Amino acid sequence: MQTVWLTGAEWLAVLRIGLGLWWLESWRHKDKKGWFERGTGIAWAADVADKHRWAAVKSGFDTVVAPRPKLMAYVVVYAELALGLGLIGGFLTPVALVGGLLLNLLYLVLMIHDWAEQGQNAMMALISVVALFAVSWQAWSLDHAIGLF
């Protein structure tokens with residue numbers, strides 16, 4: 001592919017790394033003390049799920065998250081960190097892209113009524129799909145360096 005300045009594979013790596021930085025920022029700005037000690041993140045999600053227009057969201061939240069709020073707080077917060085680091089370094093990139101896509105889709109469903117949140121999640125999901133199907137780990141990645149994918 002002919003492009004200006006970088007190769008096509010390098011532009012895809014820029015997209016992948018940018019998405020990783022976005023996930024890292026999502027992790028960085030979270031109030032970890034609030035999430036882990038006071039349970040603010042899961043309490044907020046419980047309130048959203050409780051008022052959700054789709055009964056399946058509340059049911060799923062009550063079944064999966066509510067019985068283990070502290071564990072789920074750690075899962076959410078450290079999943080964002082792992083996604084960010086994996087995408088920036090290009091390690092297990094397809095796994096990170098699929099995981100990020102699923103997490104964004106989960107956020108989209110949870111926040112279906114709040115359009116202020118939807119732009120970010122929609123863009124991150126779109127970038128994940130492009131980066132996944134365009135094999136964005138062909139340049140500037142540990143996966144490529146060690147021949148993993």
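Relative to the dominant Cα principal axis of the chain, helix 8-28 is inclined by about 30°.
Shape class for region 50-130: oblate, because the ratio a/c of the largest to smallest gyration tensor axis (alpha-carbon atoms, square roots of eigenvalues) is 1.5 or more and b/c is at least a/b.
Here LYS58 is the anchor, and the aspartates and glutamates within straight C-alpha reach of less than 20 Å, apart from those fewer than 8 places off in the same chain, are ASP47, ASP50, ASP114, GLU117. I'd like the orientation of helix 115-133 relative to the chain: the angle between its Cα long axis and the longest Cα principal axis, in ° from 0 to 90, rounded to 10. Long axis of 115-133 versus the principal axis of the chain: about 40 degrees.
Radius of gyration (Cα atoms) of the chain, expressed as a multiple of 2.2 N^0.38 Å: 1.15. Percent of C-alpha pairs per 10 Å bin in region 105-149, short distances first: 26, 34, 24, 15, 1. Could you work out [θ]222 nm for the chain from helices alone, using -39500 (n - 2.57) per DSSP H run of at least four and dividing by all its residues? Round to the nearest 500 deg cm²/dmol. Calculated from helices alone, the mean residue ellipticity at 222 nm is -21500 deg cm²/dmol. Taking the C-alpha atoms only, the angle from helix 69-89 to the longest principal axis of the chain is near 10 degrees. Remark: spin-label model distance TRP54-VAL75 equals 1.7 nm, labels positioned 7 Å along the Cα→Cβ axis. The stretch between ASP62 and LEU126 holds 20.2 nm of extra length on full extension. This uses 0.36 nm per residue minus the Cα-Cα distance. When GLU37, GLU80 are compared by accessible area of protein heavy atoms, the largest-first order is GLU37, GLU80, using a 1.4 Å probe. Listed by chain and number, the lysines whose C-alpha is less than 16 Å from the C-alpha of LYS32, apart from same-chain residues fewer than 8 away, are LYS70.
The values are calculated or read from the model by the stated rules, or taken from the named source; none is laboratory data. Since we're looking at a predicted model, the values are computed, not measured. Backbone-built Cβ (ideal geometry, glycine too); neighbour counts: all protein chains shown. Accessible surface is based on the protein model in full, side chains and every heavy atom, while ligands, DNA and RNA are left aside. Shrake-Rupley method; radii C 1.70, N 1.55, O 1.52, S 1.80 Å.
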